[in-house]
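Notes to accompany the following structure.
The values are calculated or read from the model by the stated rules, or taken from the named source; none is laboratory data. All of these numbers come straight from a predicted model, not from anything done at the bench. A quick note on method: Cβ atoms are made from the backbone with ideal geometry, for glycine too, and the neighbour counts reach across all protein chains shown.
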Amino acid sequence: MESSETRPSEAVSSKTHTENLIATLPTREGWSTPLLLYNNCWIRPHCLNDAMAVQDKLKPSPDDIILAAHPKCGTTWLKALLFTVLNRSRYTFADHPLLTVGPHQLVPFVALLPGDLDRAEMLPSPRLLSTHLPLPLLPPAVSTLGCRIVCVCREPKDAFLSRWHFEKKLHQGISLGMDEAFAMFSEGCTPYDPFWDRYLEYWKESLARPREVMFLRYEEIMSDTPKVIRKLASFLGVPFTREEESGGVVEQVADLCGFTSLSSVDPNRADRVEVEHAGVKLVVNPSSLFRKGEVGDWVNHMSKDMAARMGQLVAEKFKGSGLTF
Ligand code: PAP
């Protein structure tokens, strides 16, 4: 999820540490808000404070589970899947929290949603947390303590398309043409990007520490959801029992968390929910998180030329990494 700033930060009066830092950071116009470059990550000014606070306030515990999802790559879906897999002995499918509460309310979004860092502190162990932040911006203890990290990426053309649609809906009234948006995305100048650096940071970590870091793609979850659910359960140390397998629990998890089911639940159909964050009014749109939920939708929107340019960029950036799209 990303949130939009609807009021400039005039609410902040005195010069804070963040403001002083901001003054030293490279800045440029983004799709709809300015962006700052912080540790090789373009970030919206109102998210920077939280991103920095994570280093001090998030106290990792060895049994933490962190979903590190790049924007529009499957955060909502994986929040639902991870929550359901981890809590399957606590809830029945007929009376499951996901039927009344959105995935983003069940799993805190560290460094994005108001109060979620505080909420994370209050969760019982093992905590399930999520973030869009790059690995280097998470506290080093996340790695040294061996917290489990589940990363998810998505084929870049589909990820771009999903982000562009979301942005236009979030910032109604802005004119953001696809060409202009695509140019900035390809330069790596969109929030939490360059995407290739984000994908590669987590990809390399998953190769180095496969027992602690699992790397997924949206496309593989889509192509065989039950297989991924089993992989997740084993990775988290809670594999499905024979009874669960024969009772169809894996398929029930897939159905409950599938696009059709989640997108039809009331809290996920809400439009324009306003929240206050650091004196700034933010708008979040739960319904915008459920657009189409398909693989390869780019083909219906992007020109062949754009696709070819992205193909070239991807080949160049991921060359030799073993990560292909
Ligand atoms: P976020 O980064 O803002 O949290 P995220 O949930 O990662 O968003 O991505 C939203 C995308 O996942 C949307 O893709 P689309 O624009 O191409 O349609 C959304 O439809 C898709 N999505 C959300 N929930 C599911 C789901 N349960 N199954 C499959 N796709 C889903």
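Here are some notes:
- Candidates ASP179, ASP197, ASP193, filtered to the one that is crowded, with 18+ Cβ neighbours inside 10 Å and either at pLDDT 95 or above or among the acidic types (Asp, Glu) (or both): ASP193
- Residue match in the range 131-149 (condition: within 10 Å of the ligand (Cβ to nearest atom), within 24 Å of ASP50 (Cα to Cα) and either among the aromatic types (Phe, Trp, Tyr) or surrounded by 19 or more Cβ atoms within 10 Å (Cβ to Cβ) (or both)): yes
- Selected residue [out of contact with any helix residue (DSSP H, G or I) (no Cβ under 7 Å at 6 or more places or on another chain) and within 14 Å of the ligand (Cβ to nearest atom)] from THR92, THR75: THR75
- Qualifying positions in the range 165-176 - surrounded by 13 or more Cβ atoms within 10 Å (Cβ to Cβ) and in contact (Cβ under 8 Å) with a residue 24 or more places away in the chain: HIS165, PHE166, GLU167, LYS169, LEU170, HIS171, LEU176
- Number of the exception - ALA111 against (1) buried (at least 23 other Cβ atoms within 10 Å of the Cβ); (2) modelled with pLDDT of 95 or more: (2)
- Scanning the range 133-178 for residues that are in contact with a Cys (Cβ under 6 Å, 6 or more places away or on another chain), part of a loop (DSSP other than H, G, I, E, B) and within 18 Å of TRP42 (Cα to Cα) gives a single hit, PRO134.
- Pairing each residue of the range 246-262 that is more than 12 Å from ALA94 (Cα to Cα) and more than 10 Å from the ligand (Cβ to nearest atom) with any residue that is of a type in the set (Val, Ile, Thr) and assigned to a helix (DSSP H, G or I), provided the two are 6+ apart or on different chains, yields C-beta distances under 6 Å for VAL250/ILE229.
- As for the range 55-69, it holds no residue that is within 16 Å of the ligand (Cβ to nearest atom), in contact with a His (Cβ under 8 Å, 6 or more places away or on another chain) and either free of Cβ contacts under 8 Å to residues at least 60 places away in the same chain or not hydrophobic (A, V, I, L, M, F, W, C) (or both).
- Residues located in the range 204-220, provided they are crowded, with 18+ Cβ neighbours inside 10 Å and touching a Gly at 6+ places or on another chain (Cβ under 9 Å): LEU216, ARG217, TYR218
- Strands (runs of 3 or more DSSP E) contained entirely in the range 12-84, each with at least 1 residues that are surrounded by fewer than 22 Cβ atoms within 10 Å (Cβ to Cβ) and at pLDDT below 90: none
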